[in-house]
Amino acid sequence: MRNDLAVSDLAGAWRVPAACLVLAFALLAASGWCVLSRATSPSDGTVINIGDQAVSSRAVVIQKTTDDGLFRAGDEVVSINGMPVRDAVSTGIGGPDAKVGDVVRYELRRDGTTVEVRKTLKLFPLSDAVGRNWPTLLVLALILIVAAGAFTARPADPAAQAALLTSALSFITTSGSTHFQLEALDLVAGSQFWRWYTGEFSFMLLWAATLHMAIAFPAVYNKNTYRKQLTAGYVGAVVLYGLMALFAWQFIDDPLGRFSLLASPVLPVLYSYPLLIVVVLVVRYRLAQDELDRNRMRWVVWSLGGGALLYSAFFALPEAFLGRTLLPSELHTLAFLPVPIGVAAAILRYRALNIEVVVSRSLVYGALSAGTIGLYIGLVSLLALLFPPLDELWQQAAAAACVAVLVQPLRSRLQTLINKRLFGDSHDPYRVVSALAARLEETRTPHETLPALVETIGNALRLPYVAIEIQGSAGAPNERVATFGEPTGELFRLPLSYQGEQVGQLAVAPRTSREVLGRRDRVVLAEVARHAGAAVYTTRLTRDLRRSRDNVVQAREEERRRLLHDLHDGVGPTLAAISLGLHACRKAIGQASTQGELLGTLQEELDGAINEIRRLAHGLRPPELDRIGLVGAIRAYAKAISTRADERGVTIRLDVPISMPRLPATVDVAAYRIVSEALTNVTRHAAARSCAVRLWVDDDLHIEVVDDGIGLPEQPPSGVGLWSMRERATELGGDCVVSAANGGGTKVRATLPLPKEGG
């Protein structure tokens with residue numbers, strides 16, 4: 001049953017979308033026709049197209065001086081073999097085929113005078129044209145490798161299909177017009193103009209395919225929206241050309257001016273689609289909800305968007321406005337060199353399209369093939385020097401045998417290097433454990449341990465997702481406390497134990513959604529789990545201790561609230577009533593009598609006891625916190641204490657949120673006590689003129705009190721106030737640090753943790 005499923009999955013993976021594949025082969029076949037047509041046709045050596053515009057709107061101008069010097073840059077072609085070029089472009093491009101060796105007569109306008117030139121046609125120099133455009137071949141090779149690998153592994157993936165179409169259109173664009181430009185002869189003879197026009201029309205569609213890639217990578221989330229955007233992208237390019245053609249027919253009377261637009265289909269797309277592609281990439285990047293997809297898109301945004309901008313800035317726009325490019329036109333494809341590199345980086349680093357295994361094998365055998373060819377050529381060249389001529393069978397066999405001996409270790413070495421890049425150190429458990437130990441040694445606090453652990457495992461084994469779940473108590477569900485990456489496919493779980501007790505689980509995802517975790521990975525993870533159990537046990541123990549401490553602090557605060565309630569609502573009113581009774585008795589008996597004086601003494605002692613109870617109640621919990629809140633209580637205390645320092649007082653500036661979230665009773669009491677103690681120290685000991693109090697809340701409550709006083713003494717103080725501030729922060733799991741402020745004075749900074757959801 002499992003084998004049947006595997007065969008079915010494999011067949012499904014190779015069920016290639018027929019239309020996409022047929023279209024790609026048709027484009028590649030057309031590309032071959034372009035090369036063959038140009039290679040077998042005669043040439044006059046001229047170049048008349050201005051980049052992607054067929055001709056100038058005012059005249060057919062020679063753009064470059066030919067090697068034989070017959071044609072000079074700036075020459076205007078008036079007629080060819082007696083046919084005016086304006087008539088040729090208005091009545092029909094092309095004509096009877098010319099032949100190699102034919103002598104063609106050109107009438108030129110050069111520096112204001114008419115010149116006649118006779119040119120003997122030669123076969124088009126194919127190798128020279130290809131050699132001059134080596135940057136294009138380099139970019140095409142990289143695009144083809146990445147596109148073929150992606151489409152082979154994921155033929156049904158929209159991004160892979162877009163990559164295949166982009167690659168095929170790049171080939172026909174290059175063979176149609178990039179390598180082999182438009183010549184003056186092509187206007188009156190043969191079909192070479194249509195070869196050039198095919199390349200330019202393909203270039204128009206190539207920009208639409210590039211937009212297709214920007215829409216589809218790294219994934220399609222809404223198929224209906226995707227289809228609409230895709231249709232708009234391809235149809236929009238054709239519509240822009242149609243609008244330009246309609247404008248040319250309706251509003252341009254000059255045949256040459258009309259031809260310059262009609263024969264240049266890519267022009268409107270060239271000045272609109274690069275910006276559109278950049279906008280689409282930026283919008284998709286900003287709207288991406290998944291952080292992994294954002295990381296994948298970041299490579300494509302910078303490479304594809306940057307390539308479009310570079311092409312526009314250095315080639316398209318300068319040629320349109322200045323009549324020349326800022327860099328040699330042969331280098332224009334280098335602007336897109338980062339595109340295949342960026343896509344490959346997204347695949348390798350962030351597993352875009354999930355084709356790591358295919359990429360691994362492609363890289364190994366691609367590099368091995370190139371190395372084998374180079375090695376064979378080198379050995380044959382060496383043997384040819386030693387035993388010329390190299391035409392004996394034993395010499396060829398010796399070279400082949402040497403290559404065979406050297407290739408196997410080379411293949412093993414390449415496989416090891418590439419697998420390490422794609423799959424990490426799954427072949428070396430000791431290296432993974434060593435990396436884990438080194439990373440754990442660098443952690444400073446217990447809560448950093450488990451995040452560091454899952455990150456190290458994920459990076460060392462190139463896994464897309466790693467998580468640690470702590471064992472729940474008494475049937476409670478496991479608690480996921482640390483994660484790395486995003487889950488793909490079914491998770492594989494290993495138990496984490498310490499001294500025979502299971503303390504949690506290690507959950508990992510395979511590298512692709514269809515992949516099952518391999519035996520080698522399981523062995524490494526089992527070894528890692530043995531060492532990770534102690535770290536998980538320590539973390540669980542720390543969490544339990546913190547929860548116990550939090551429960552104790554919370555219970556103490558609740559008990560303080562109960563006592564405060566009893567004192568305020570019970571003992572306080574009772575004593576106040578007794579005081580009133582004593583006052584009434586003293587007044588009835590007479591204040592000057594012996595009994596009256598005794599009652600007066602008792603009343604004074606009772607009032608003192610009431611004041612002491614109020615002081616104790618205030619110590620349990622300042623009533624201002626319940627009455628006006630933490631911010632209001634701090635404002636009131638700061639206002640009161642700022643006028644007590646000396647005759648000039650202290651200016652206290654408050655920087656607090658307009659609204660504070662509801663804080664636990666333990667936190668707002670600790671915050672109030674820390675701020676009030678810090679302000680008391682400022683007024684008593686700092687000799688400060690100003691003090692700033694700042695509160696802000698993110699995941700925790702942060703407090704900062706900075707003054708401009710005399711600063712800390714050389715011997716750090718150890719008074720009750722500083723100890724009390726640190727103790728209040730520490731018992732809540734936070735910290736309080738007293739240090740010298742920048743520019744003099746003292747800074748008190750405290751962090752009080754707030755309860756987390758599910759914590």
Exercise. Label-point separation (nm) for A740 and V239, each offset 7 Å from Cα along Cα-to-Cβ?
Worked result: 7.0
For this session: Output the peptides 208-214, 600-606 sorted from most to least packed, where packing is the average of other Cβ atoms within 10 Å over each peptide's residues.
Result: 208-214, 600-606
For this session: At 0.36 nm per residue, minus the direct Cα-Cα distance, what do A665 and E727 gain on full extension? Give it in nm, one decimal, please.
Result: 20.7 nm
Seminar exercise, completed: Length gained, R286-Q250, 0.36 nm per residue minus C-alpha separation, equals 8.7 nm
Exercise. With each label point set 7 Å from Cα along the Cα-Cβ vector, what nm distance links A39 and V279?
Worked result: 4.3
Exercise. If you plug each phi of the stretch 652-662 into the Karplus form 6.51 cos²θ - 1.76 cosθ + 1.60 with θ = phi - 60°, what whole-Hz ³J(HN,Hα) values come out, in order, with x for Gly and Pro?
Worked result: 10, 9, 10, 10, 10, x, 5, 10, 9, x, 5
Exercise. Points 7 angstrom from Cα along the Cβ direction at D626 and F492: gap in nanometres?
Worked result: 5.9
Problem set entry | Sequence-distant residues sharing a close amide H with I50 (under 5 Å, placed H) | V55
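Fewest first, what order do R105, R662, R522 take by the number of other Cβ atoms within 10 Å?
Lowest to highest Cβ neighbour count: R662, R105, R522.
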Problem set entry | Phi-based couplings in Hz for the stretch 293-299 (Karplus 6.51, -1.76, 1.60; Gly and Pro marked x) | 5, 5, 5, 5, 5, 4, 5
Exercise. Separation of the stretch 264-341 and the stretch 163-237 by C-alpha centroid, Å?
Worked result: 15
Seminar exercise, completed: Diffing the stretch 595-603: the Karplus 3J(HN,Hα) column from phi (6.51, -1.76, 1.60, θ = phi - 60°), in whole Hz with x for Gly and Pro, holds 5, x, 5, 5, 5, x, 4, 4, 5
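Where a number appears in this text, it was derived from the coordinates with a stated rule and is not lab data. The shown structure was predicted, so the numbers you read here are calculated from the model rather than taken from an experiment. So basically every Cβ, Gly included, is an ideal-geometry build from the backbone, and we count neighbours across all protein chains shown.
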